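The values are calculated or read from the model by the stated rules, or taken from the named source; none is laboratory data. In this text, all values refer to a predicted model and were calculated from it rather than measured experimentally. Note: ideal-geometry Cβ built from the backbone for every residue, glycine included; neighbour counts use all protein chains shown. The protein model used for the area step is the full one, side chains on, heavy atoms only, and it has no ligands, DNA or RNA in it. Shrake-Rupley method; radii C 1.70, N 1.55, O 1.52, S 1.80 Å.
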Amino acid sequence: MQATDHLRVQYDFRSGTVLLQCRDRSHVLPERFRTKESAESAAMQFARENWEYTEPTAGPAH
(Lines give C-alpha, C1' and ligand atoms only; values in the text may rest on other atoms or scores of the structure.)
Protein backbone atom coordinates (compact mmCIF):
# COMPACT_ATOMS: atom_id res chain seq x y z
CA MET A 1 0.00 0.00 0.00
CA GLN A 2 1.10 3.54 -0.59
CA ALA A 3 2.16 5.91 2.17
CA THR A 4 -0.92 8.04 1.44
CA ASP A 5 -3.22 5.18 2.45
CA HIS A 6 -4.37 6.01 5.96
CA LEU A 7 -5.82 3.39 8.23
CA ARG A 8 -9.04 4.44 9.90
CA VAL A 9 -9.97 2.65 13.13
CA GLN A 10 -13.38 2.99 14.78
CA TYR A 11 -13.78 1.54 18.26
CA ASP A 12 -17.19 1.03 19.85
CA PHE A 13 -16.62 1.00 23.61
CA ARG A 14 -20.08 -0.40 24.43
CA SER A 15 -19.67 -3.57 22.39
CA GLY A 16 -15.86 -3.67 22.43
CA THR A 17 -15.75 -4.09 18.65
CA VAL A 18 -13.45 -2.41 16.18
CA LEU A 19 -13.91 -1.58 12.50
CA LEU A 20 -10.87 -0.82 10.38
CA GLN A 21 -10.90 0.75 6.93
CA CYS A 22 -8.22 1.57 4.42
CA ARG A 23 -9.05 2.68 0.88
CA ASP A 24 -11.61 0.20 -0.49
CA ARG A 25 -11.10 -2.38 2.26
CA SER A 26 -12.87 -2.77 5.59
CA HIS A 27 -12.98 -5.42 8.29
CA VAL A 28 -14.54 -5.94 11.73
CA LEU A 29 -12.26 -7.82 14.09
CA PRO A 30 -14.03 -10.75 15.79
CA GLU A 31 -12.41 -10.10 19.17
CA ARG A 32 -13.89 -7.89 21.89
CA PHE A 33 -11.54 -5.25 23.28
CA ARG A 34 -11.63 -3.56 26.68
CA THR A 35 -9.69 -0.44 25.68
CA LYS A 36 -9.37 1.79 22.65
CA GLU A 37 -5.59 1.36 22.71
CA SER A 38 -5.77 -2.44 22.53
CA ALA A 39 -8.31 -2.21 19.69
CA GLU A 40 -6.12 0.19 17.72
CA SER A 41 -3.07 -2.01 18.24
CA ALA A 42 -4.92 -5.10 17.02
CA ALA A 43 -6.26 -3.18 14.01
CA MET A 44 -2.75 -2.06 13.04
CA GLN A 45 -1.45 -5.62 13.39
CA PHE A 46 -4.30 -6.99 11.23
CA ALA A 47 -3.69 -4.37 8.53
CA ARG A 48 0.05 -5.06 8.47
CA GLU A 49 -0.41 -8.84 8.28
CA ASN A 50 -3.34 -9.00 5.86
CA TRP A 51 -3.26 -5.82 3.80
CA GLU A 52 0.50 -5.14 3.68
CA TYR A 53 -0.18 -1.83 5.41
CA THR A 54 2.73 0.32 6.49
CA GLU A 55 2.38 3.32 8.75
CA PRO A 56 3.00 6.64 7.02
CA THR A 57 6.30 8.16 8.03
CA ALA A 58 6.29 11.62 9.53
CA GLY A 59 7.79 14.36 7.45
CA PRO A 60 10.69 16.48 8.65
CA ALA A 61 9.82 18.84 11.49
CA HIS A 62 10.14 22.53 10.70
request  = Determine the pairs where a residue that is farther than 14 Å from residue 44 by Cβ, located within the range 7-24, has a partner that is open to solvent by less than 40 Å² (accessible area, probe 1.4 Å) with Cβ atoms under 6 Å apart, the partner being 6 or more residues away or on another chain.
outcome  = 16/33; 23/5
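Let's see how each residue does on (1) out of contact with any Gly (no Cβ under 6 Å at 6 or more places or on another chain); (2) open to solvent by less than 60 Å² (accessible area, probe 1.4 Å); (3) of a type in the set (Asp, Glu); (4) modelled with pLDDT of 95 or more:
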| position | (1), (2), (3), (4) |
| --- | --- |
| 7 | yes, yes, no, no |
| 12 | yes, no, yes, yes |
| 15 | yes, yes, no, yes |
| 18 | yes, yes, no, yes |
| 24 | yes, no, yes, no |
| 33 | no, yes, no, yes |
| 39 | yes, yes, no, yes |
| 43 | yes, yes, no, yes |
| 56 | yes, yes, no, no |
